[in-house]
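The values are calculated or read from the model by the stated rules, or taken from the named source; none is laboratory data. All figures in this text were calculated on a predicted structure; none of them were measured in a lab. A quick note on method: Cβ atoms are made from the backbone with ideal geometry, for glycine too, and the neighbour counts reach across all protein chains shown. When the accessible area is computed, the model is the full protein with side chains, heavy atoms only, and any ligands, DNA or RNA have been set aside. Shrake-Rupley method; radii C 1.70, N 1.55, O 1.52, S 1.80 Å.
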Amino acid sequence: MSPYPDDLSTLTGSGLVHAYLDAVETPRSRPCEWADFYAFKARVFDALADLGTPDASEVADRARLMRSRVLHQNENRGGGVL
């Protein structure tokens, strides 16, 4: 189960930033934890982009790319499904 909130629809810009900063402080070491973090980061920055924040969609795209890389590396190391 992910430690990150599922519903971001009620958060304003500053609330989204605070949620992201809380997530940054969450310790993680396993690939599944990193994948969850990058998925959350993408959702936060997609929401910020919807609010009109410049370049937020690019950050969301990079977070999705990082999530894909983590999952791919895990599969290549024999980690199987997360």
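Quick notes on this structure:
- Gap separating the Cα centres of the stretch 1-19 and the stretch 24-61, nearest whole Å: 10
- Estimated [θ] at 222 nm from DSSP helical runs (n ≥ 4, -39500 (n - 2.57)) normalised by residues in the chain, nearest 500: -22500 deg cm²/dmol
- The residues of the chain expose, per residue, 67 Å² of accessible area to a 1.4 Å probe.
- Protection proxy ranking of 38-47, 64-73 - average other beta-carbon atoms within 10 Å, highest first: 38-47, 64-73
- Counting 0.36 nm for each residue step from Ser57 to Cys32 and taking away their Cα separation leaves a gain of 6.7 nm.
- Extension gain from His18 to Gln73, taking 0.36 nm per residue of separation minus the Cα-Cα distance: 16.8 nm
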